[in-house]
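Each remark here refers to the structure printed beneath this line.
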Amino acid sequence: MVFGIRKRIQDHLVERRIRRSRLVTKDGHCNIEFGNVKYGNHFAFLVDFWTTFVEFRWRFVLFFFIASFTLSWFIFSLLWFWIARNNGDLTWQNPPSNHTPCMWNVYGLTTAFLFSLETQTTIGYGVRAVTPQCPGAVALIIIQTLIGALIHCFMCGIIVSKISLPKKRAKTISFSEMAVICPKKDFLCLMIRVANLRKTLMIGSQIYGKLLRTTVKPDGETIIMDQVNIEFMMDAGKDNLFFVCPLTLYHVIDKTSPFFEMAVDTLRKQEFELVVFLEGTAETTSSACQVRTSFIPQEIMWGYNFLPIISRSKEGKYRVDFSNFSKVVSVATAHCAYCFHNIMGHHLPSINAIDNVGFEVIDILE
């Protein structure tokens, strides 16, 4: 029991270390921070204030939403109170019985706040109203109405923009947790699976990858996060995917591939991160979005292939079985890309199908 608890703690620490070392998390967030940014560059965020507000977290947007309305109501209530005070409308000023106020039933700060709220929100209970006695009050009600309309438009636009952000559509695009390496049509390929959980299409979908690694040049220069292009394709090509059902995309491991020098026993000793991008336009909103995920060496299984998930029902409809989305089965595969191209029959032994592959299963396979 103690050994099991210790192993779970070690697995948890390894998982946290891997999560911190990623540039792109599995759900697409970039793990990067900026330091020593010049103070003057912060004004660029104020110039582009719309994008700044849209990128704020919901908690801050809601705070600004509440604060902007409440503060504007309070500021204008002070102005209404000041007008009423100058005209002698307040209760403690003891106005005469024949006195004509600037605003009916505004005789204190609380009633001035209520009048400001009713004016800006156009509630109009019919108890408080502006009289033609004070031209300043007429001008102030026009100013508050215009400013209130601007605040309404701005805050509603921010909320609608955040709700309709393309990255929300990206939440319904799912990648397989693991990538696999196995033969496909006389080629050794690295394959991943991607699914669109909505029935609406992603128009003009394109997928590509970047291999991030640290390289050392012959002159001794170390390049951190060196990027190498990784091309993915499917049987119908690599551009304008017909993304109506889950797709299995593959990268051919040939002499031009950075995976060519790797083997089954050296793959997990490598230090790299494979970032996969899928770009397309949502059919419903016509907004472009990008979906990202990443794979590290511990998440690439050599000698396995995905189980099929598309079948035909008795009614003749196509059926997608998502229970097999993360299932893999072992296949005979060469120990390295060089072996695959030059040594026939150099294969791995067969292993039974594995379900819900994760870090624990990888440890057992090792």
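Every number here is computed from the coordinates shown, using simple stated rules; none is lab data. Source: prediction; values computed, not measured. For neighbour counting, all protein chains shown are included, and Cβ atoms are generated from backbone atoms with ideal geometry for every residue, glycine included.
Quick notes on this structure:
- Here the stretch 165-201 is scanned for amide nitrogen atoms under 15 Å from the site 7 Å beyond the Cα of residue 288 along Cα-to-Cβ, giving 166-167.
- Unit charges at the beta carbon, dipole of the stretch 199-325: most positive-side option, 295, 256, 307: 307
- Our estimate of slack between residue 23 and residue 78, defined as 0.36 nm per intervening residue step minus the Cα-Cα distance, is 14.7 nm.
- Above-threshold pairs, the threshold being 23 Å between Cα atoms, out of 185/269; 199/314; 171/210; 184/327; 168/199: 185/269
- Each of 103, 234 was scored by other Cβ atoms within 10 Å of its Cβ. Arranged with the fewest first, they read 234, 103.
- If the chain linking residue 268 and residue 97 were pulled fully straight, counting 0.36 nm for each residue of separation and taking away their Cα-Cα distance, it would gain 52.5 nm.
- Alpha carbon convex hull of the stretch 172-215, volume per residue in cubic angstrom: 140 Å³
- Counting only Cα atoms, the stretch 32-136 measures 70, 27, 23 Å along its principal axes, largest extent leading.
- Cα centroid separation, the stretch 74-132 to the stretch 179-231: 67 Å.
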